[in-house]
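These notes are about the structure you will find just below.
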Amino acid sequence: MGIGENINSEDSWKSALKSKRFRSVFIFSLITLAAALYCLALFLEYVETRKGISFDDPVLSFFTAVDLTWLIFAVIYTALIAAIFSLLPHPAQLLFAIQLYSLMVISRIAAMYILPLEPPQGMIVLQDPFVEYFGTGSALTKDLFFSGHTASLLIFYLSAENRKFKTAFLLLTILIAVLLILQKVHYTIDIYAAVMFTAASTFILRIIKEKLNI
């Protein structure tokens, strides 16, 4: 059982903050997340300058890209706000989400390092002002394997306790995957890999939490 899982849900934060171990693990997890995101921002600068592999995606070859930028942003940031709202009352689940997101980010860095890709042919660049401002400062085109947007929404689904939120996050994960493909922001394999890597990260994290009680 991971730390925080036995916290009284009716008084969860009060109970959680009484635990010195929970406070320490929570702070350490936040620092780890910040460090992982900082490393990702630096790594993406390198990725954009590196030559990658280009290949024909049989799915993407069937249609012309559609610019769905604002719809994609609406889905992503609506889901993010909903995730914060749904997780804040539950410290154990919030801690799990932070830890899982950190592990996912580290996995993305490793995956992109191993498999550098060139942008899909016909891609309409997804220009996220928040990512560009806090990240590289420019639009990203090689932030590909695997899809961070898909993985993020899947993490919201896996972390949510409320059934309605859980269902909504699952539907939004499917929706964002379809939208990213329609805009040719990602190869199809990037979407599949996001699901597989997130599932693997969840499995690994649960083992770590059980063994180390974190």
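Every number here is computed from the coordinates shown, using simple stated rules; none is lab data. Fair warning: this is a prediction, and the values are worked out from it, not measured in the lab. Positions of Cβ are generated from backbone atoms using ideal geometry, with glycine treated the same way; all protein chains shown enter the neighbour counts.
List of remarks:
- Converting phi to 3J(HN,Hα) with the Karplus coefficients 6.51, -1.76 and 1.60 and the offset θ = phi - 60°, the stretch 154-165 yields 5, 5, 4, 4, 5, 8, 5, 9, 5, 4, 5, 5 Hz in sequence order, with x at every glycine or proline.
- By the count of neighbouring beta-carbon atoms within 10 Å, fewest first, 62, 55 end up ordered 62, 55.
- Inter-centroid distance (Cα atoms) of the stretch 155-213 relative to the stretch 49-78, Å: 18
- Residue exposure proxy: 21, 163, ordered by other Cβ atoms within 10 angstrom of their Cβ from fewest to most, comes out as 163, 21.
- Candidate values (1) 14.5; (2) 10.8; (3) 11.7, label of the one derived for mean projected area of the Cα convex hull in nm²: (3)
- The angle between the Cα long axis of helix 20-49 and the main principal axis of the chain comes to about 10°, on a 0 to 90 degree scale.
- Whole-Hz ³J(HN,Hα) from phi, Karplus 6.51 cos²θ - 1.76 cosθ + 1.60, for the stretch 77-89, glycine and proline x: 7, 5, 5, 4, 5, 5, 5, 4, 4, 7, 8, 3, x
- Neighbour-count order for 112, 123, fewest beta carbons within 10 angstrom listed first: 123, 112
- Furthest towards positive pole of dipole, 109, 40, 93, structure part the chain, Cβ charges: 93
- Whole-Hz couplings from phi, Karplus 6.51/-1.76/1.60, listed for the stretch 201-214; x for Gly and Pro: 5, 4, 4, 5, 4, 4, 5, 4, 5, 5, 6, 9, 6, 10
- Annotation: amide H of residue 187 has no partner in the under-5 Å range at sequence separation 5 or more or interchain, hydrogens built in the peptide plane.
- Charge-dipole axis of the chain as Lys and Arg at +1 and Asp and Glu at -1 on Cβ define it, positive-most pick from 74, 174, 153: 153
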